[in-house]
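The values are calculated or read from the model by the stated rules, or taken from the named source; none is laboratory data. Everything numeric here is computed off the predicted structure, so don't read it as measured data. Glycine gets a Cβ as well: all are built from the backbone with ideal geometry, and neighbour counts include every protein chain shown. For accessibility, only protein heavy atoms count, side chains too; no ligands or nucleic acids. Shrake-Rupley method; radii C 1.70, N 1.55, O 1.52, S 1.80 Å.
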Amino acid sequence: MPKWLDNAVFYEIYPQSFLDTNADGIGDFQGIINKLDYIRDLGFNAIWMNPCFLSPFGDAGYDVADYYTAAPRYGTNEDLKRLFAEAHRRGIHVLLDLVPGHTSVEHPWFRESMKPERNAFTDRYVWTDSVWEAPESMGCLRAVSQRDGSCAVNFFTCQPSLNYGYYNRTRPWQQSPEDEGPKATLEAMMDVMRFWLTMGCDGFRVDMAMSLVKNDPDGLGTIALWQKVFSVLEREFPEAAMVSEWGEPEKSLRGGFHMDFLLHFGPSHYNDLFRCEEPFFSDRGLGDASAFVERYLESREKAGKDGLICIPSGNHDMVRLAKHVEGDQKKLAFTFLLTMPGAPFVYYGDEIGMRYVENLTSVEGGFDRTGARSPMQWDSCVNAGFSAAPKEKLYIPQDPAADRPTAAQQLTDPDSLLNLVKQLISLRQAHPALQNRGGITFVSKGEPKQALAYEREQDGEKLLVAINPFREAVEFSYTGKLTEPVFTFGGKAFQNGERITLPSVSAGIYKLG
Ligand code: GLC
Ligand code: CA
């Protein structure tokens, strides 16, 4: 278990949209390097970067054409190596995005695999043995070559499924994870990991980690596959950290992952908090966090004590936090995000409340995700300081609003969201009880018009976090004794015996006597 995860706080960077340093309208590695001080000064000590490898960009780089080469539009492998070194110099760890479930149709493995003559890559992907039979999956590629078969796709049709075998096999072309083809696929992916870990990256966010073994309804085959991967990684790269896009911590952490995300899909009730018509973080008080809390506690119970359940502020696949969480509610949402166990993940731009840009034409397979991927708003210069390219050449159009938030403006405003995020990260780093492995006990579960309140505890230190998004004061019963607050927003809690009253739209973190 990498020790550095005990207090890691992550910042997610979508490289296309972060900072463009050569005026081609697309962000690049040098842009990320230039902003490492910004990231460190906010308190982040870890980064996850979306895929930055050679790709036709049919799905923003989640369609890899060569796992070993950085996409030239971002820079070279040497630049990426320099990025790792510059990050490390500032105490920042860097995770790359590993896409093990599929490649682009342009990957040389797929080109070989398409050939009708048997070769070393014939079994690298999931193919049926007749073009008239389609595999059950997201779809398939048929008659793309003279190979007689259909190839399963894992997501979009430009993403053929790599072959890790089938858990339940009902057709002759479905291979076992123990067959030569699937074993070679896994070995090839291990080599990719070794290559980048040796070059200086600190681990991976694993794309669709749950998707590898097919016909695997309970995930048992995929869990076994990851256990195999971790038995090697723990020996060869014990400090490498791995976070899964899975969304079911009880499965992924059993597979050996150090962390799993709660996502906008899956059973976690994550959407109840930030992404629905009546989110919990709203002053209308119609939202309900209690199903989230119940499910969270169940997952923690099943996941065991070592794994981290990570709650992201957002990511490149969902609408921005600011779409449903309005005004000061964003401050309450961040108080929650930055005081929960598990490593927090903040999506670039969420720290300034960047908006979801409505009605954009899809870019690189973004579709409705495109509005959450618009270029970072740094300052009030042209293109918000993102790029010196003409506006029409930007990767994605920016938020056109005159009052769009910028990092520069918020840095100078002591009451800004950015400064609140900075303050909360620094509190988290000062109090082990608030960090990734500390315990949690809910004392009020955020039912409609109720507070969300929980104790955090580690090494004898105990704190109470209490949040009231509702526009009226709320009460809950509590037997502990609040002493001084280490943080408040919107007013202080009032304690009268075993009753605590929280002012409207407020949040606080209290020491206990
Ligand atoms: C993951 C990525 C998403 C991508 C998909 C296919 O969900 O986060 O952006 O489109 O996998 O790789
Ligand atoms: Ca550029």
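Below, the figures for the structure above:
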| item | result |
| --- | --- |
| The range 437-512: relative contact order as a whole-number percent, Cα under 8 Å and 6+ apart | 30 percent |
| Heavy-atom accessible area ranking, 1.4 Å probe, most first, across 74, 167 | 167, 74 |
| Dipole of the range 25-149, positive end: most advanced residue of 88, 62, 77 [Cβ charges, Cα centre] | 88 |
| Listed residues 29, 470, 232: farthest to the positive end of the dipole of the chain (Cβ charges) | 470 |
| The range 128-143 - phi-based ³J(HN,Hα) in whole Hz, Karplus 6.51/-1.76/1.60, Gly and Pro as x | 7, 9, 8, 5, 7, 10, 9, x, 7, 6, 4, x, 7, 9, 10, 6 |
| Helical segments meeting 27 Å axial Cα length and Kyte-Doolittle 0.0 threshold in the chain (DSSP H) | 180-199 |
| Mean separation of Cα contacts under 8 Å, 6 or more apart, over the residue count of the chain: relative contact order % | 13 percent |
| The range 139-248, accessible surface, carbon-and-sulfur percent (1.4 angstrom probe) | 52 percent |
| Cβ charges +1 (Lys, Arg) and -1 (Asp, Glu), total dipole of the range 437-512, debye | 100 debye |
| Relative packing of 368-376, 392-400, 473-481, which averages over residues the other C-beta atoms within 10 Å, highest first | 368-376, 392-400, 473-481 |
| Residue-span extension gain [residue 144 to residue 23] - 0.36 nm each, minus C-alpha spacing | 39.8 nm |
| Antiparallel bridges, percent of DSSP beta bridges restricted to the chain (to nearest 5) | 60 percent |
| Per residue accessible area of the range 1-125, 1.4 Å probe, in Å² | 32 Å² |
| Across 115/214; 81/393; 35/302, pairs whose alpha-carbon gap is larger than 30 Å | 35/302 |
| In Hz, Karplus ³J(HN,Hα) per residue of the range 36-44 (6.51, -1.76, 1.60; θ = phi - 60°; x = Gly, Pro) | 4, 5, 4, 5, 5, 5, 6, x, 5 |
| Extension reserve of the residue 459-residue 388 stretch, reckoned as 0.36 nm per residue once the Cα distance is removed | 20.5 nm |
| Cα-based equivalent ellipsoid, the chain: semi-axes from gyration tensor eigenvalues, Å | 40, 27, 21 |
| Distant-in-sequence amide H partners of residue 11 (H built 1.01 Å from N, under 5 Å) | 46, 47, 48, 346 |
| Span from the the range 433-510 Cα centroid across to the the range 141-204 one, whole angstrom | 48 Å |
| Expected 222 nm ellipticity per residue - DSSP helices of 4 or more, -39500 (n - 2.57), all of the chain, to 500 | -7000 deg cm²/dmol |
| Eligible lysines near residue 481 by straight Cα distance, threshold 26 Å, same-chain separation 8 or greater | 331, 445, 449, 462, 492, 511 |
| 162, 253, reordered so the largest accessible area comes first (probe 1.4 Å) | 253, 162 |
| Residues with amide H under 5 Å from that of residue 487, placed H, sequence gap 5 or more | 509 |
| Solvent-accessible surface ranking, highest first, for 321, 427 at 1.4 angstrom | 427, 321 |
| Nearest-10 value in Å² for the accessible area of residue 115, using the 1.4 Å probe | 80 Å² |
| Förster radius 41 Å - calculated FRET efficiency between residue 111 and residue 199, Cβ distance, rounded to 0.05 | 0.95 |
| Theoretical FRET efficiency, 1/(1+(r/R0)^6), r = Cβ-Cβ of residue 441 and residue 486, R0 22 Å, to 0.05 | 0.75 |
| Added length on full extension, which subtracts the Cα-Cα distance from 0.36 nm per residue, residue 412 to residue 367 | 12.7 nm |
| Within the chain: Cβ-based charge dipole about Cα centre, in debye rounded to nearest 20 (Lys, Arg +1; Asp, Glu -1) | 620 debye |
